[in-house]
Amino acid sequence: MISSKPGKQRARFYQAPLHAKRKQIAGHLSKELRAKYKKRSFPIRKGDEVKIVRGDFKGKSGKVTKIDCGKMIAYVEGISRKKVSGTEKQIPLRASNMIIINLILDDKKRIAALKRGKEKAKGEQSGQ
């Protein structure tokens, strides 16, 4: 049984093994992608184009340059701050604060995962 205590839920979320954390770094799909693939969210990957919807960088978009599974954060191209020393530092962002605009589909497994959702949705419609 899963606990209903928020503290235990947060602990389970942050102490999850890396293979589980990878799936938790998922962002919502844009309306166009949601209609096309019949999925609400999908794991973010390096190269995906995202739009930031919360925080200081709201409204900006760019490609994902790096994903840190351990910290459960993603880095987006062009989202950076100038340090006191003058160097640029990329800002880490949570996947829940971005929407996926464009997916990288060069991986067969990723395409299959998207199609699974589409087939599932078709089955539900025909079964009614």
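The values are calculated or read from the model by the stated rules, or taken from the named source; none is laboratory data. Since we're looking at a predicted model, the values are computed, not measured. Positions of Cβ are generated from backbone atoms using ideal geometry, with glycine treated the same way; all protein chains shown enter the neighbour counts. Quick note on the areas: whole protein, heavy atoms, side chains included, nothing else; ligands and nucleic acids left out. Shrake-Rupley method; radii C 1.70, N 1.55, O 1.52, S 1.80 Å.
Listed values for segment 89-97 are Karplus-derived 3J(HN,Hα) couplings in whole Hz (6.51 cos²θ - 1.76 cosθ + 1.60, θ = phi - 60°), namely 10, 6, 8, x, 10, 7, 5, 5, 9, and x replaces Gly and Pro.
Students often check this: by mean Cβ neighbours within 10 Å, which of 42-54, 61-73, 81-93 ranks highest, and how do the rest follow?
42-54, 61-73, 81-93
The convex hull of the Cα atoms of the chain, projected and averaged over all directions, covers 10.8 nm². Taking all protein chains as present, what is the carbon and sulfur share of the accessible area of the chain, in % to the nearest whole number, probe 1.4 Å? That share works out to 52 percent. Taking all protein chains into account, the per residue accessible area for the chain stands at 72 Å² (1.4 Å probe).
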